[in-house]
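Scroll down for the structure; my scribbles are underneath it.
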There are 2 protein chains.
Amino acid sequence: MSHIDHTHDREASSWIDGADEHPDFPVQNLPLGIFSLGDGQRRVGTAIGDSILDLSGLSRDRLLPDSVRPALETGTLNALFALSSAERQELRHGVFASLTDRTSRVALLPHLYPSQHCTMHLPFTVGDYTDFYVGIHHATNIGRQFRPDNPLLPNYKYVPIGYHGRASSIRLSGTPVIRPKGQHKPSYSDLPGYGPTYRLDYELELGVWIAGENALGEPVPISKAGSRVGGLCLLNDWSARDLQAWEYQPLGPFLAKNFLTSVSPWVVTAEALAPFRIAQPARPEDDPAPLPYLFDATDQAEGAFALTLETWIATRKMREAGMPPHRLGTGPATSMYWTVAQMVTHHTANGCNLMPGDLLGTGTISTPDPSGLGSLMELSQGGKAPVTLPDGEERSFLEDGDELILSARAVRDGFRSIGFGLCSGVVEAART
Amino acid sequence: MSHIDHTHDREASSWIDGADEHPDFPVQNLPLGIFSLGDGQRRVGTAIGDSILDLSGLSRDRLLPDSVRPALETGTLNALFALSSAERQELRHGVFASLTDRTSRVALLPHLYPSQHCTMHLPFTVGDYTDFYVGIHHATNIGRQFRPDNPLLPNYKYVPIGYHGRASSIRLSGTPVIRPKGQHKPSYSDLPGYGPTYRLDYELELGVWIAGENALGEPVPISKAGSRVGGLCLLNDWSARDLQAWEYQPLGPFLAKNFLTSVSPWVVTAEALAPFRIAQPARPEDDPAPLPYLFDATDQAEGAFALTLETWIATRKMREAGMPPHRLGTGPATSMYWTVAQMVTHHTANGCNLMPGDLLGTGTISTPDPSGLGSLMELSQGGKAPVTLPDGEERSFLEDGDELILSARAVRDGFRSIGFGLCSGVVEAART
């Protein structure tokens with residue numbers, strides 16, 4: 001069951017200038033992240049309006065619950081997400097109280113910094129990163145390019161398909177996307193070559209930050225899997241389609257993906273998202289029921305998220321002409337065929353251990369129609385139908401200088417909507 | 001060029017009782033590992049005969065080079081393998097000098113422990129684990145089961161195929177192998193089910209421990225890739241073949257592999273292996289040459305290892321009857337189609353960053369004939385031809401109570417052979 005409490009009250013107001021009107025970070029959100037100031041020291045912070053509140057500093061001043069103090073001193077969020085959800089809830093309540101009670105202002109002001117003076121860092125030391133494939137419209141759209149009559153493979157509706165990604169190349173939003181080189185074998189050639197990818201793509205995904213730990217050998221039952229979700233972020237699974245096509249048989253994507261994965265800096269916590277839990281869309285009547293280990297009535301009733309996702313592009317020419325980014329698509333996150341809890345339970349069903357700060361990607365989230373496709377591979381139909389941009393430029397795949405921006409908002413009647421911030425990256429030419 | 005020096009002298013002798021006769025750990029080896037005593041404190045050690053020399057303790061007593069002292073105090077080998085090969089070479093020379101010069105005996109004795117009183121630990125904090133597929137006979141043997149006329153896929157002789165594995169479930173030799181559960185769809189059934197795997201297998205691999213670091217975006221040229229190899233170990237890529245068959249399309253193996261990966265405790269260093277570098281076997285005339293980014297004449301001349309690998313099994317019944325383990329196979333490591341340097345260069349060819357303590361698996365190493373097959377999937381031809389053991393038991397796949405043991409020895413005329421120790425695990429029944 002969702003835990004909706006006073007911190008979600010739509011009328012709740014912060015004394016921070018502009019926070020109540022902020023599109024992403026009103027006091028109902030309170031996302032967690034890691035930031036530094038001039039001294040380079042990494043601190044835990046929360047975004048409030050256009051400011052960042054230094055929770056590590058507040059904790060040292062004994063203004064936050066004792067239980068979280070050691071975890072706020074480590075320079076990453078791993079230790080905080082090793083604690084219980086109840087302890088993070090207590091932290092949330094403490095921060096919320098301070099930011100809504102004007103009498104806390106004098107005590108808090110020394111710990112408040114304008115966001116633009118702060119440098120954000122990767123929120124976790126990522127032990128392992130797993131990318132799923134639960135966006136059924138994406139799987140269908142891509143599958144159709146190869147198997148028009150039978151786009152989904154036989155296992156898709158039984159198995160939450162996933163594979164391991166690379167942890168060392170996960171970087172924060174804003175990191176340049178250096179066009180990778182690799183082996184590709186164009187269809188017109190008998191022989192492969194090595195050089196810069198000519199089919200660089202993005203993938204719109206949600207990232208799931210894991211909380212808590214299960215010992216190796218101990219699966220997480222579906223009834224408890226929700227508690228392992230610490231929070232969400234945006235994730236761009238940059239992809240080199242030509243490398244992917246040539247390398248992926250028989251063991252899956254490798255160098256096509258592991259040159260960079262970008263995540264948004266703020267962890268929108270499970271606690272903040274509680275009001276936005278909605279029913280998992282009913283499976284079509286012909287679809288098989290989930291196997292019992294993946295089924296839980298509560299998870300079906302509130303295992304999905306009321307999120308609206310958007311993708312934007314700004315080419316170098318557009319930026320130089322002062323044009324705003326162009327929206328490539330928008331769609332809901334409810335096209336995930338499996339819930340996040342099902343992803344966690346399946347991942348651990350063989351006893352695999354998930355650790356605090358592990359990252360799961362959902363896989364690309366697309367719409368069945370062209371309004372919200374999560375990759376250029378889908379938008380341009382594998383390059384056959386280039387997208388025309390407002391300035392007349394065309395794109396089949398990303399070109400050097402292109403900026404790609406992802407955003408997400410949680411929206412539900414009766415609640416103050418909250419946002420994720422942005423996940424962006426500019427493509428740079430391949431290194432010579 | 002290999003760096004063979006006085007530490008490889010076959011006549012070199014240690015004053016440690018029994019070390020000169022030890023099959024694995026004479027003074028020419030000096031493998032590195034992490035061990036603890038009763039106090040639980042993790043120390044860097046080297047195996048010498050049946051003893052372990054505490055290098056962390058020696059260093060604190062100022063008996064080792066100053067340059068490595070901080071790295072020996074961290075409880076893992078990551079910091080030591082972040083240093084240069086020259087610094088590890090200096091450490092090797094210091095340890096070798098102490099162990100061959102009897103006048104060091106009094107100073108060293110307080111830091112020598114019988115191996116059986118020591119607990120070994122995972123040598124590195126593994127950031128990322130990648131499993132390759134360079135054993136061409138394994139790839140051919142497995143491919144033939146699915147495509148008898150065309151066992152190798154078109155990319156195999158161009159691309160050192162690899163995929164990401166799970167770092168969190170890497171454990172030391174000796175860790176029980178709990179039979180994993182998962183989804184499988186037997187050929188006689190229309191529907192998948194969830195339960196314990198009935199096709200549990202081992203895979204004989206070498207593990208490559210990475211030294212040094214390349215920044216994200218900076219490929220490692222083949223001429224420098226050899227210096228990124230810190231050392232080797234044995235690796236068992238435990239596999240659930242029924243889970244694998246059902247889940248692996250289109251993104252590769254996932255839960256079939258990530259429940260456990262076992263490694264041997266000792267890192268046989270690149271410095272110790274220098275005399276055992278041999279020419280990479282010539283490619284058959286019809287095979288394509290490696291693309292230029294993967295070709296280096298020196299690497300071809302000495303990029304392979306003169307190693308003999310063995311696999312042994314001891315069932316519960318055999319152990320209860322006092323029978324010794326039965327050798328399932330033996331073969332050379334030269335059936336790797338790609339060198340370790342080619343694996344490193346390919347992995348980083350897109351700018352992917354490899355970090356100290358990252359682990360690469362070679363993929364299963366098999367022979368073209370039945371004498372040295374690296375998995376039961378090959379030995380029993382996918383279960384169709386069970387293996388008969390000395391006590392009359394048959395095995396298509398591993399059964400509860402089976403112990404599986406891997407070993408490796410470096411052997412070359414003119415040099416003292418050295419061993420890797422063992423990588424073993426006993427299968428336990430699935431958890432209820």
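Tabulated results
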{"read-out": "Residue satisfying condition, being within 14 Å of chain B (Cβ to nearest Cβ), under 17 Å from the mean Cα position of the chain (by Cα) and modelled with pLDDT of 95 or more, within set A:THR261, A:THR269", "value": "A:THR261"}
{"read-out": "Single residue of the range A:68-79 satisfying the filter (of a type outside the set (A, V, I, L, M) and open to solvent by less than 50 Å² (accessible area, probe 1.4 Å)) that is nearest to A:PRO265 (Cα to Cα)", "value": "A:THR76"}
{"read-out": "Test: residue in the range B:54-73 that is assigned to a strand (DSSP E or B) and in contact (Cβ under 8 Å) with a residue 40 or more places away in the chain", "value": "yes"}
{"read-out": "Qualifying position, being open to solvent by less than 50 Å² (accessible area, probe 1.4 Å), without any contact (Cβ under 8 Å) to a residue 40 or more places away in the chain and touching a Leu at 6+ places or on another chain (Cβ under 9 Å), among B:SER173, B:SER168, B:SER189", "value": "B:SER168"}
{"read-out": "The range B:186-214: number of residues that are of a type in the set (Val, Ile, Thr) and touching a Lys or Arg at 6+ places or on another chain (Cβ under 7 Å)", "value": "2"}
{"read-out": "Positions within the range A:272-287 being open to solvent by less than 30 Å² (accessible area, probe 1.4 Å) and either in a loop (DSSP other than H, G, I, E, B) or over 30 Å from A:GLY45 (Cα atoms) (or both), in sequence order", "value": "A:GLN280, A:ASP287"}
{"read-out": "Segments classed as strands (runs of 3 or more DSSP E), wholly inside the range B:173-214, with at least 2 members that are modelled with pLDDT of 95 or more and more than 30 Å from B:THR308 (Cα to Cα)", "value": "B:181-184, B:193-196"}
{"read-out": "Unique match (being touching a helix residue (DSSP H, G or I) at 6+ places or on another chain (Cβ under 6 Å), under 26 Å from B:PHE124 (Cβ atoms), in the same structural domain as B:HIS138 (by TED's automatic domain parsing) and not aromatic (Phe, Trp, Tyr)) among B:PRO265, B:PRO219, B:PRO180", "value": "B:PRO219"}
{"read-out": "Boolean, A:ALA301 is outside any loop (DSSP other than H, G, I, E, B) and either of a type in the set (Phe, Trp, Tyr) or more than 14 Å from chain B (Cβ to nearest Cβ) (or both)", "value": "yes"}
{"read-out": "Top-ranked residue in the range A:408-432 [being assigned to a strand (DSSP E or B) and not aliphatic (A, V, I, L, M); ranked as farthest from A:TRP266 (Cα to Cα)]", "value": "A:GLU428"}
{"read-out": "Selection within the range B:129-164 - over 20 Å from A:PRO192 (Cα atoms), without any contact (Cβ under 8 Å) to a residue 60 or more places away in the chain and of a type in the set (A, V, I, L, M, F, W, C)", "value": "B:PHE146"}
{"read-out": "Condition check for B:THR125: open to solvent by 60 Å² or more (accessible area, probe 1.4 Å), of a type in the set (Ser, Thr, Tyr) and either in contact with a helix residue (DSSP H, G or I) (Cβ under 7 Å, 6 or more places away or on another chain) or within 11 Å of chain A (Cβ to nearest Cβ) (or both)", "value": "yes"}
{"read-out": "Filter result for the condition that a residue is assigned to a helix (DSSP H, G or I), surrounded by 19 or more Cβ atoms within 10 Å (Cβ to Cβ) and in contact with an Asp or Glu (Cβ under 8 Å, 6 or more places away or on another chain), over A:MET318, A:MET355, A:MET343", "value": "A:MET318"}
{"read-out": "Number of positions in the range A:404-432 that are touching a residue at least 12 places away in the same chain (Cβ under 8 Å), open to solvent by 40 Å² or more (accessible area, probe 1.4 Å) and not small (Gly, Ala, Ser)", "value": "9"}
{"read-out": "The range B:45-66: number of residues that are under 24 Å from B:LEU232 (Cβ atoms) and open to solvent by 50 Å² or more (accessible area, probe 1.4 Å)", "value": "1"}
{"read-out": "Among residues of the range B:158-172, those that are touching a strand residue (DSSP E or B) at 6+ places or on another chain (Cβ under 8 Å) and either of a type in the set (D, E, K, R) or assigned to a loop (DSSP other than H, G, I, E, B) (or both), counted", "value": "9"}
{"read-out": "Top-ranked residue of the range B:246-271 - restricted to ones that are touching a His at 6+ places or on another chain (Cβ under 8 Å) and hydrophobic (A, V, I, L, M, F, W, C), ranked as most open to solvent (accessible area, probe 1.4 Å)", "value": "B:TRP246"}
{"read-out": "Which numbered condition A:TRP238 misses (of (1) among the hydrophobic types (A, V, I, L, M, F, W, C); (2) over 25 Å from B:PRO219 (Cβ atoms); (3) open to solvent by less than 10 Å² (accessible area, probe 1.4 Å))", "value": "(2)"}
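Every residue, every condition in (1) modelled with pLDDT under 95; (2) open to solvent by less than 20 Å² (accessible area, probe 1.4 Å); (3) of a type in the set (Gly, Ala, Ser), yes or no:
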| residue | (1), (2), (3) |
| --- | --- |
| A:SER85 | yes, no, yes |
| A:ARG102 | no, no, no |
| A:LEU112 | no, no, no |
| A:SER115 | no, no, yes |
| A:HIS121 | no, no, no |
| A:GLY135 | no, yes, yes |
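The values are calculated or read from the model by the stated rules, or taken from the named source; none is laboratory data. Bear in mind that the values here come from a model prediction, so they are computed numbers and not experimental data. No Cβ is skipped: glycine too gets one built from the backbone with ideal geometry, and neighbour counts run over all protein chains shown. Surface areas here come from the heavy atoms of the whole protein model, side chains and all, with no ligands, DNA or RNA. Shrake-Rupley method; radii C 1.70, N 1.55, O 1.52, S 1.80 Å.
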